[in-house]
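Here's the structure we're looking at; comments come further down.
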Amino acid sequence: MSFTRRQMLGGLAGLAVVGLGAGGTARYWLGRRDDDAGHDYELIAAPLDVELVAGHQTPAWAFGGSAPGTELRVRQGEWLRVRFINHLPVETTIHWHGIRLPLEMDGVPYVSQLPVKPGEYFDYRFRVPDAGSYWYHPHVSSSEELGRGLVGPLIVEEREPTGFAHEVTLNLKNWHVDEEGAFLPFSIPREAARNGTLGRLSTINGVPKPTIDLPAGQIVRVRLLNVDNTATYRLNFRGDAQMRLYALDGNPIEPRPLGKDYWMGPGMRVCLAVKMPAAGEEIAVRDGPVRLGTLRAVATADAPGDWPAPLPPNPVAEPDLANAEKLNFNFEWVGQVSEDIGEKPPSLWQINGVAWDITDKTCADRPIARMQLGKSYILEFKNMTQYQHPIHLHGMSFKVIASNRRKIIPYFTDTFLLGKNERAQVALVADNPGVWMFHCHVIDHMETGLMAAIEVS
Ligand code: C2O
Ligand code: CU
Ligand code: CU
């Protein structure tokens, strides 16, 4: 395997920083798409002290000067060109969660590319086929790197206007910090063997219990992204608001009510249309009974809008179920937990009897399944554990078609929250050649065995 586009910058000190707006907000240039040589964003990962707990500094790591990182935006069908510059004290990569892209751009160390070392840069360039809400994060030392704040939203705008006049992105993350803002362990073996190691301080866009002002009476596209390492949010709202669910994990659905709690596992996203109440009224965004933040309606001169039409479907190939080959994946717990951490994380979980070892660079040479390019497959997921696992596949979207535990309205996704002892079926067309990571998105489950590679060729 040969790797390209990982380079040293000559003299980092003299580098002009462009691409970052004031306060770490995103800026991009629609006018430069045809220019092959440039990039749309210069994204720097660097240490950043943030005030999560009033009066205390937390030594976070940030993309583009904020944690969560700069919101990247690109239009569907166009190229996203990001020059990623590593100013961290550690090596890293960027993985583009949910984007169907070529393997060389997927950010998996030793599979897609070599890790980007401190002081180096890497040019990520790929076309984005699907519109929706996606996100980016490293795929190296993930508990710590995501835990310290290296997560950010990637919004792919539809080709044509959608009818939403207002939108907001809400990144949900729990921080592993104590009352003084100091980091706590990102992964504890005893917790990794159960639900995963939870952070104690919940935030939206890096702020504990924020109040976010939105225009009264207007329909707002609210994108909620679970960028947390561990938490499954039981999303619900309180207040006088009508809302409809428009997309799951980047893929449009026929708009429908949210239902009572929507269980959003790590890595998952929802796109909601929220009709804001009258000025001064508030909507609580909640995780079960816990308020995560508040949407407050503020007066606006805009005339009230109507519910937008369903979002246009993404060009994901429809699997041929009648001729699909079946593959089984069993997710098992094997935990012998000792508190002795050593230099290696413990091996606690397996897929089809095999545990991934993040310290072994050759695991991807032994894919757990092989798929033939262009063929349809039905993947049967069998959770043999007492814990839920958000099962994520790189490189391709899959269609959730059945479950033994709930009624499924089939939909495309990249991450499926597999419940305790649940059996589910998903289907896909193996249309992207490569060796693709397949893992639980509870980061310390992934780092203690729940990961595998699937080869498409
Ligand atoms: Cu968010 Cu391996 O992925
Ligand atoms: Cu991914
Ligand atoms: Cu898991």
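The values are calculated or read from the model by the stated rules, or taken from the named source; none is laboratory data. Since the structure is predicted, the reported quantities are computational estimates derived from the model, not experimental observations. Neighbour counts run over all protein chains shown; Cβ positions are idealised from the backbone, glycine included. Quick note on the areas: whole protein, heavy atoms, side chains included, nothing else; ligands and nucleic acids left out. Shrake-Rupley method; radii C 1.70, N 1.55, O 1.52, S 1.80 Å.
For region 173-188, what are the residues that are outside any loop (DSSP other than H, G, I, E, B), open to solvent by 10 Å² or more (accessible area, probe 1.4 Å) and farther than 20 Å from MET268 by Cβ? Reasoning before the result, please.
Filtering region 173-188 for residues outside any loop (DSSP other than H, G, I, E, B) gives 173-175, 177, 183.
Narrowing further to those that are open to solvent by 10 Å² or more (accessible area, probe 1.4 Å): 174, 183.
Once the filter is applied, which keeps residues that are outside any loop (DSSP other than H, G, I, E, B), open to solvent by 10 Å² or more (accessible area, probe 1.4 Å) and farther than 20 Å from MET268 by Cβ, region 173-188 yields only PHE183.
Pull up region 114-130, narrow it to residues that are in contact with a Leu (Cβ under 6 Å, 6 or more places away or on another chain) and open to solvent by less than 10 Å² (accessible area, probe 1.4 Å), then point me to the one that is nearest to ARG159 (Cα to Cα). For region 114-130, the residue satisfying everything is VAL128. Output the number of residues of region 141-168 satisfying the condition of being more than 13 Å from TRP96 (Cα to Cα) and assigned to a loop (DSSP other than H, G, I, E, B). Total meeting the criteria: 11.
Among the residues of region 380-396, those that are within 16 Å of ligand 3 (Cβ to nearest atom) and of a type in the set (A, V, I, L, M) comprise MET384, ILE391, LEU393. On the stretch given as region 431-447, residues that are in a loop (DSSP other than H, G, I, E, B) and either near ligand 3 (Cβ under 9 Å from one of its atoms) or among the aromatic types (Phe, Trp, Tyr) (or both) total 2. Note on region 431-447: residues that are touching a strand residue (DSSP E or B) at 6+ places or on another chain (Cβ under 7 Å) and either open to solvent by less than 10 Å² (accessible area, probe 1.4 Å) or closer than 21 Å to ARG194 by Cα (or both) amount to 9.
The criterion of at least 1 residues that are at pLDDT 95 or above is met, among strands (runs of 3 or more DSSP E) falling completely within region 1-104, by 41-50, 58-63, 72-75, 79-86, 95-97. Taking the listed residues ARG234, ARG291, the one that is assigned to a strand (DSSP E or B) and surrounded by 15 or more Cβ atoms within 10 Å (Cβ to Cβ) is ARG234, with no other qualifying. If you filter region 358-381 down to residues that are out of contact with any Asp or Glu (no Cβ under 8 Å at 6 or more places or on another chain) and assigned to a strand (DSSP E or B), you find that the one that is most open to solvent (accessible area, probe 1.4 Å) is GLU380. Taking each residue of region 146-162 that is assigned by TED's automatic domain parsing to the domain that holds GLN57 and looking for partners that are aromatic (Phe, Trp, Tyr) and open to solvent by 10 Å² or more (accessible area, probe 1.4 Å) with beta-carbon atoms closer than 6 Å, six or more apart or interchain, yields GLY147/PHE186; ARG148/TRP61; GLY149/TRP61; LEU150/TRP61.
Residues that are open to solvent by 20 Å² or more (accessible area, probe 1.4 Å), aliphatic (A, V, I, L, M) and more than 16 Å from ligand 2 (Cβ to nearest atom) within region 76-113 comprise just one, VAL90.
Within the group LEU450, LEU428, LEU418, which residue is away from ligand 3 (no atom under 16 Å from the Cβ) and touching a strand residue (DSSP E or B) at 6+ places or on another chain (Cβ under 7 Å)? Break it down into steps so the answer makes sense when it comes.
Values: LEU450 fails: away from ligand 3 (no atom under 16 Å from the Cβ); LEU418 fails: away from ligand 3 (no atom under 16 Å from the Cβ).
Unique residue meeting the criteria: LEU428.
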